[in-house]
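Here the structure comes first, spelled out in structure tokens, and everything after it is commentary.
Each value in this text was obtained by applying a stated rule to the coordinates, not by laboratory testing. All values derive from a computational prediction rather than experimental measurement. FYI the Cβ positions are ideal-geometry reconstructions off the backbone, even for glycines, and counts take in every protein chain you see.
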Amino acid sequence: VSASQSTNGSHFSSSSGGDSFFRSVLSSMEQVYLNRNPTAKAILELVGSTDANQICYDHIAYRTFGVNGYGIDSISKFFLDFGYTQREELRFPKKKLKALWFSPPNVSSINGGSGVHGPLPRIFISELLVDQMSLQAQEIIRKYTGLSGAGHKHTVLSSALGCLTWPKPSHDEFQQLASESEYAAWTLVNGYMVNHVTISTHRLKSRLKNIKNFNEFIEDKGFKLNSEGGVLKVSPDALLLQSSTVADSIPFEFSDGIKESVPCSYIEFAERIVLPEYKDLPEDKVQEVHRRDGFEVGNADKIFESTSMDQLNRRVA
Ligand code: OOG
Ligand code: NI
């Protein structure tokens, strides 16, 4: 599907009711995310206060179980309905994952709007290739998606409300999944809640627009960044630079009464460099379309590790 091809012909102006409803839904999802993840909240406040309260989201990401209608499509439908376009697929064979990303419709945002009120973000949705898991893991995933009933039809609602569409698992079931796939265990206890939002550093006004300055600033403030493969993840074309925090954890009461913290969400940062063909454009003429678009398997593979126990337990000097 090419960038210019709209999937369903929906187009919204910033004044249309559709756009306002869509942004309200995103805002509810964001509220759930901020309330559950103090690190993301603190960083957004910190960057907002140093950068005239203008933050653009590069993308928002979700995780899913690719089984019985619970995969990518169960949540991408909502974005397609509101004018998004499906773009490239990414594959992660070792993690048994696939992902799709979606580009936003061309709506003019409220001038100066921040976060979900600014330029609409890309959407990144991944799914676990459940059929490739061990039979025990499949049994657990099929049990909970089965208990969810028609939950796959209401994933957006569960994300906006901040609840699971299936019952809480036992501690054993969580552990069993975690031993095979930390992604699977994460999805079992976090469901469709936002996995991360990404700050677009190149759209900031201050020196933080350079992601290296940004990372240094965040680390100086005492936040821990995901060090997998190095803090800064660089695409082979050197035009997409990404970094992320290590996920917060949140107390969780399993169905058997065991209470333990589980990983929740993180926040990511991305700098998209101007494409070579536009390198001579004056800085004030550069727009998002002139920059590197899309995602990169090599970067994403390491960013997935932001919720891994290795990163959560890592000590920083
Ligand atoms: C997604 C990791 C990949 C990116 O921007 O490439 C990613 C996840 O952790 O679910 O966010
Ligand atoms: Ni991301």
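Averaging the inverse of every distinct alpha carbon separation and then flipping it gives the Kirkwood radius. What is it for the range 102-260, in angstrom units?
By the Kirkwood definition, the hydrodynamic radius is 18.7 Å.
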Q. If the limit is 32 Å between Cα atoms, which of LYS95/LYS168; LYS77/LYS233; LYS153/LYS285; LYS153/LYS259; LYS98/LYS153 go over it?
A. LYS153/LYS285
Q) Could you work out Rg/(2.2 N^0.38 Å) for the range 40-80, with Rg from alpha carbons only? A) 1.74
Q) Taking the Cα atoms of the range 257-317 alone, what are Rg (to one decimal) and Dmax (as a whole number) in Å? A) 18.3, 62
**Q.** Charge dipole (the range 201-305, unit charges on Cβ, about Cα centre) - positive-most of ASN226, LEU241, PHE295
**A.** LEU241
Q | Label-to-label distance, nm, for residues given as ALA150 and ARG314 (7 Å Cα→Cβ offset) | A | 4.4 nm
Q.
If packing is taken as the average count of other Cβ atoms within 10 Å, what order do 123-132, 193-202 fall into, highest mean first?
A. 193-202, 123-132
**Q.** Gap separating the Cα centres of the range 282-317 and the range 169-225, nearest whole Å
**A.** 10 Å
Q: Find out how many positive minus negative residues lie around HIS171, taking Lys and Arg as positive, Asp and Glu as negative, among other residues whose Cβ is under 14 Å from that of HIS171.
A: -3
**Q.** Whether the range 117-180 is rounded, prolate or oblate, judged on the alpha carbon gyration tensor where a/c under 1.5 counts as rounded
**A.** prolate
Q) How big is the chain by the Kirkwood estimate over distinct Cα pairs, in Å? A) 20.0 Å
Q. Taking the DSSP beta bridges in the chain as the whole, what percent of them are antiparallel, to the nearest 5?
A. 70 percent
Q: Compute the Cα gyration tensor for the range 14-87, then decide on rounded, prolate or oblate, letting a ≥ b ≥ c be the square roots of its eigenvalues: rounded whenever a/c is under 1.5, prolate when a/b is larger than b/c in the other cases, and oblate in all that remain.
A: oblate
(Q) How big is the dipole moment of the chain about its Cα centre under a simple scheme where the beta carbon of each Lys and Arg is +1, that of each Asp and Glu is -1, and everything else is neutral? Debye, nearest 20, please. (A) 200 debye
**Q.** Kirkwood-based shape ratio for the range 202-243, expressed as Rg/Rh from alpha carbons
**A.** 0.98
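Treat every Asp and Glu Cβ in the range 204-317 as -1 and every Lys and Arg Cβ as +1, leave all other atoms uncharged, and give the resulting dipole magnitude about the Cα centre to the nearest 20 debye.
Numbers: 16 positive and 21 negative charges, 85 e Å.
With Lys and Arg at +1 and Asp and Glu at -1, about 400 debye.
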(Q) Based on alpha-carbon atoms only, what is the radius of gyration of the range 196-308 relative to the globular estimate 2.2 N^0.38 Å? (A) 1.27
